[in-house]
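See structure below.
The values are calculated or read from the model by the stated rules, or taken from the named source; none is laboratory data. Note that the structure is a prediction, hence the values are computed from the model and not measured. Methodologically, a virtual Cβ is constructed for each residue, glycine included, from the backbone with ideal geometry; neighbour enumeration extends over all protein chains shown.
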Amino acid sequence: MFVSHGSYQIVPLDSGRIIKVIFTGAWNKEAVAGFFQDMKTCPKADIWVAMADLRDWEGATPDLIAAYMPVIDWCLANGECATVHVYKHDWQRLFVDKLRAYREQQGVPQASFQSEAGAIAWANSQLDEVTAKKVVNSRA
């Protein structure tokens with residue numbers, strides 16, 4: 001086991017309807033364990049959007065992908081309804097394509113932006129859509 005590399009800040013927005021995570025530095029799989037525990041205890045709404053801010057992220061070791069899959073599974077089982085990424089560089093998007101593909105297989109709506117404002121607007125549109133569907137289904 002190696003020393004954990006990479007850091008993060010979890011910021012619940014809009015009463016936990018958007019969970020913004022600011023990823024910084026270069027990550028290894030050991031960094032995922034602490035992040036996963038903090039993610040589980042972060043206050044979240046019943047339905048929420050994950051917002052990954054990768055603008056200061058420097059990449060990761062190849063083994064991070066497999067280590068991160070249980071995080072995605074847990075999030076989807078615990079209210080995540082959509083995912084939005086904020087990138088500064090194209091290579092950041094390319095590096096997380098496997099994670100994006102995994103979420104896509106699960107039918108999770110996703111989007112990418114270079115601005116936080118665009119990401120939040122999209123996240124809110126997804127929350128509105130899910131809420132509207134719940135209202136329609138409750139009337140049926």
Self-check item: Matching residues in segment 85-102 - criterion: being within 21 Å of ASN124 (Cα to Cα) and at pLDDT 90 or above
Solution: HIS85, VAL86, TYR87
Quiz item: Can GLY16 be described as part of a loop (DSSP other than H, G, I, E, B) and touching a strand residue (DSSP E or B) at 6+ places or on another chain (Cβ under 9 Å)?
Solution: yes
Quiz item: Hey, among the residues in segment 66-97 that are free of Cβ contacts under 8 Å to residues at least 40 places away in the same chain and among the small types (Gly, Ala, Ser), which one's surrounded by the most Cβ atoms within 10 Å (Cβ to Cβ)?
Solution: ALA67
Quiz prompt | Number of positions in segment 48-86 that are under 15 Å from GLN110 (Cα atoms) and touching a Gly at 6+ places or on another chain (Cβ under 6 Å) | solution = 1
Exercise. Give segment 66-113 a look and list any residue that's under 17 Å from GLY25 (Cβ atoms) and of a type in the set (A, V, I, L, M), or say none.
Key: ALA67, VAL86, VAL96
Quiz prompt | Qualifying residue in segment 75-87 (condition: of a type in the set (Phe, Trp, Tyr) and out of contact with any strand residue (DSSP E or B) (no Cβ under 6 Å at 6 or more places or on another chain)) | solution = no
Quiz item: In segment 29-50, is there at least one residue being out of contact with any Cys (no Cβ under 7 Å at 6 or more places or on another chain), surrounded by 17 or more Cβ atoms within 10 Å (Cβ to Cβ) and assigned to a loop (DSSP other than H, G, I, E, B)?
Solution: yes
Practice problem: Six or more apart or on different chains, Cβ under 6 Å: which pairs go from a residue in segment 116-136 that's within 16 Å of MET51 (Cβ to Cβ) to one that's outside any helix (DSSP H, G or I) and small (Gly, Ala, Ser)? Could you list them? | Solution: TRP122/ALA111; GLN126/ALA82
Quiz prompt | Residue tally, condition at pLDDT 95 or above and part of a strand (DSSP E or B), over segment 60-84 | solution = 5
